[in-house]
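Asker: I'd like to ask you about the structure that follows.
The values are calculated or read from the model by the stated rules, or taken from the named source; none is laboratory data. A quick note: this is a predicted structure, and the numbers were derived from the prediction, not measured. So basically every Cβ, Gly included, is an ideal-geometry build from the backbone, and we count neighbours across all protein chains shown. Just so you know, the surface numbers come from the protein's heavy atoms only, side chains and all, with ligands and any DNA or RNA stripped out. Shrake-Rupley method; radii C 1.70, N 1.55, O 1.52, S 1.80 Å.
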Amino acid sequence: MSLRLVTAEMRLSSAIAKTTMCILGPSGSGKTYLMKGLPGRDTLCLDFEAGLMSVQDWDGDSIPIRSFEDARDMACLIGGVNPAADPNGYYSEGHHSHVARSYPDLAELVAAKRYIFVDSITDLSRQAMAWSKQQPEAFSDRTGKPDVRGAYGLLAREVITLLKHLQHAEGKTTIFVGILEQVTDEFNRSTWQPQLEGGKVARELPGIVDQVATLSLFEPEGDGWRHDPAKGRIRRLVCQTANSFGLPAKDRSGRLDVTEPADLPALLNKIHAPKKG
């Protein structure tokens, strides 16, 4: 039986306080550098991009991930056993036992970490796409030719399942970072969208994580901020859905301002701080 009671005191305790967050930003905006503020002894970086040059002197641990199969195994180690999983499927007790036996050192390492930094969800989706294109679902049963719709459908199911599994990792705050791109439609209207393989993943991502924030460049203007992604000198995190910049954001905690300093530990402390009154 997997049902258990979590009391208010348990939920508020520092031992299990956690959140899931996605931080989006244009390439080169400094998303990976945010990790440098996290305590190295408590943080594990899942490195999909081989792009940790900006944090070479950070004292935390990282694991390079080159395939979606490895990504799924790491998600199973981090999130534990899913009691609802197919007994013969991924994230089941059998899958978790197999991965823990195969990587005993990683299993011990993961258990000691409070923060999981996924760099990046953009490259995670690319690895998932490469894997999906090789699966039977990506080929037509009738002609045997590649079926793009089948590949994208499989991609969406597998990536969303992985993200939801990490969402349930007990006592661990998981931070996904991803590329944000400006897209202009045929009517010359510009919007900011996550750069992910498969539109379904991008649409469902805000509903999976607790927090969505956009990291970008700003200039002071009056008593507020002007968004200037090309020439701005100050990095800020946009954290509320109702923002005047048209940037993706969401604050399930209800504790964040429209923009916050680009300081990840301070942001997490504010999210987990008890509400006043």
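Asker: Which ones in region 133-157 are hydroxyl-bearing (S, T, Y) and surrounded by 10 or more Cβ atoms within 10 Å (Cβ to Cβ)?
Answerer: Looking only at region 133-157, we keep the residues that are hydroxyl-bearing (S, T, Y), and these are 140, 143, 152.
Within region 133-157, S140, Y152 qualify.
Asker: Name the pairs: first residue in region 136-155 and closer than 14 Å to G199 by Cβ, second residue open to solvent by 100 Å² or more (accessible area, probe 1.4 Å), Cβ to Cβ under 8 Å, at least 6 apart or on different chains?
Answerer: Close Cβ pairs satisfying both conditions: A151/K133.
Asker: Kindly provide the set of residues from region 247-277 that are outside any loop (DSSP other than H, G, I, E, B), open to solvent by 60 Å² or more (accessible area, probe 1.4 Å) and basic (K, R), ordered by number.
Answerer: Answer for region 247-277, where residues must be outside any loop (DSSP other than H, G, I, E, B), open to solvent by 60 Å² or more (accessible area, probe 1.4 Å) and basic (K, R): just K270.
Asker: Any residue in region 69-76 that is of a type in the set (A, V, I, L, M, F, W, C), in contact with a His (Cβ under 7 Å, 6 or more places away or on another chain) and at pLDDT 95 or above?
Answerer: Yes.
Asker: So, of the residues in region 34-47 that are open to solvent by 20 Å² or more (accessible area, probe 1.4 Å) and of a type outside the set (D, E, K, R), which turns out to be farthest from Y115 (Cα to Cα)?
Answerer: The selected residue is G37.
Asker: Filter region 196-232 for residues that are in a loop (DSSP other than H, G, I, E, B) and buried (at least 19 other Cβ atoms within 10 Å of the Cβ) and give the result. Walk me through how you get there before you give the answer.
Answerer: If we filter region 196-232 for residues that are in a loop (DSSP other than H, G, I, E, B), which is where we start, we get 196-198, 209-210, 222-223, 228-232.
Scanning region 196-232 gives L196, E197, G198, V209.
Asker: While we're looking at this one, here's another question. Determine whether I160 is open to solvent by less than 70 Å² (accessible area, probe 1.4 Å), under 22 Å from D73 (Cα atoms) and in contact with a Leu (Cβ under 6 Å, 6 or more places away or on another chain).
Answerer: no
Asker: Of the residues in region 233-245, how many are more than 21 Å from the chain's Cα centre (by Cα) and in a loop (DSSP other than H, G, I, E, B)?
Answerer: 5
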